Amino acid sequence: MSYETETGVTLIELLVALSVLAILLTVGVPSLAGFVSSQKLDTTVQLLKDSYSQARYEAVTQQRPVFLCPLDIATGGCGNNWSDGVVSYHDLDGDNSYDPLKDTKLLQNEFPEGVVIEYKKNCFQIKLTAKGTTGDNGTFAMTVSEETKTLVVSGMGRIRNG
């Protein structure tokens, strides 16, 4: 007599494994969504901080003003929504606005979708002088879902986490 060994899982073992998997997914998926939102916010904070720091560096090293403004994705110029991204430029014609034919664009960064950024009411441009100062304080508030982070810009031109 020869006996052959059957391999596989029983129905009960399969149901237990699926139940454990369902419990793990129920706990893990909301945590993953929160993690993704948090990473999106951290990325935006760092991109904005780096963009500002680069604009300040250019102003000081080139010894002329640099402007930082919200990005208008359609035109690649300045817009009125900080949430889309930022553009920095040298205002060569001195009219305090970006003209792609006359001014030099230094940097353009788009931010991840879903992050809401607010700066001072009706302030759509930051001027960094040749000394790296702004002459005015301000705070960027960045929000994803329920989480908010801030960046504080001092009149001396420094930027820090709020």
Within the stretch 42-90, which residues are of a type in the set (Val, Ile, Thr) and either free of Cβ contacts under 8 Å to residues at least 60 places away in the same chain or out of contact with any Lys or Arg (no Cβ under 9 Å at 6 or more places or on another chain) (or both)? THR43, THR61, ILE73, THR75, VAL86, VAL87
For GLY138, state whether it is on the phi > 0 side of the Ramachandran plot and surrounded by fewer than 20 Cβ atoms within 10 Å (Cβ to Cβ). no
Can you name every residue in the stretch 144-162 that is surrounded by 17 or more Cβ atoms within 10 Å (Cβ to Cβ) and of a type outside the set (Lys, Arg)? VAL144, LEU151, VAL153, GLY157, ILE159
Here is a list: LYS105, LYS127, LYS121, LYS49. Which entry is assigned to a loop (DSSP other than H, G, I, E, B) and either charged (D, E, K, R) or within 26 Å of VAL144 (Cβ to Cβ) (or both)? LYS121
Can you spot a residue in the stretch 77-97 that is farther than 21 Å from GLY157 by Cα, among the β-branched types (Val, Ile, Thr) and not in a helix (DSSP H, G or I)? no
Counting only residues that are of a type in the set (A, V, I, L, M, F, W, C) and either touching a Phe, Trp or Tyr at 6+ places or on another chain (Cβ under 8 Å) or crowded, with 17+ Cβ neighbours inside 10 Å (or both), which one in the stretch 15-59 is farthest from TRP82 (Cα to Cα)? ALA59
Please enumerate the residues belonging to the stretch 56-80 that are modelled with pLDDT of 95 or more and closer than 17 Å to LYS120 by Cβ. PHE67, LEU68, CYS69, PRO70
Can you tell me which of THR143, THR139 is hydroxyl-bearing (Ser, Thr, Tyr), within 14 Å of TRP82 (Cβ to Cβ), in a strand (DSSP E or B) and in contact (Cβ under 8 Å) with a residue 24 or more places away in the chain? THR143
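The values are calculated or read from the model by the stated rules, or taken from the named source; none is laboratory data. Quick caveat, the model's predicted, so the values are computed rather than measured. Using ideal geometry, Cβ is built from the backbone for each residue, glycine included, and neighbour counts are taken over all protein chains shown.
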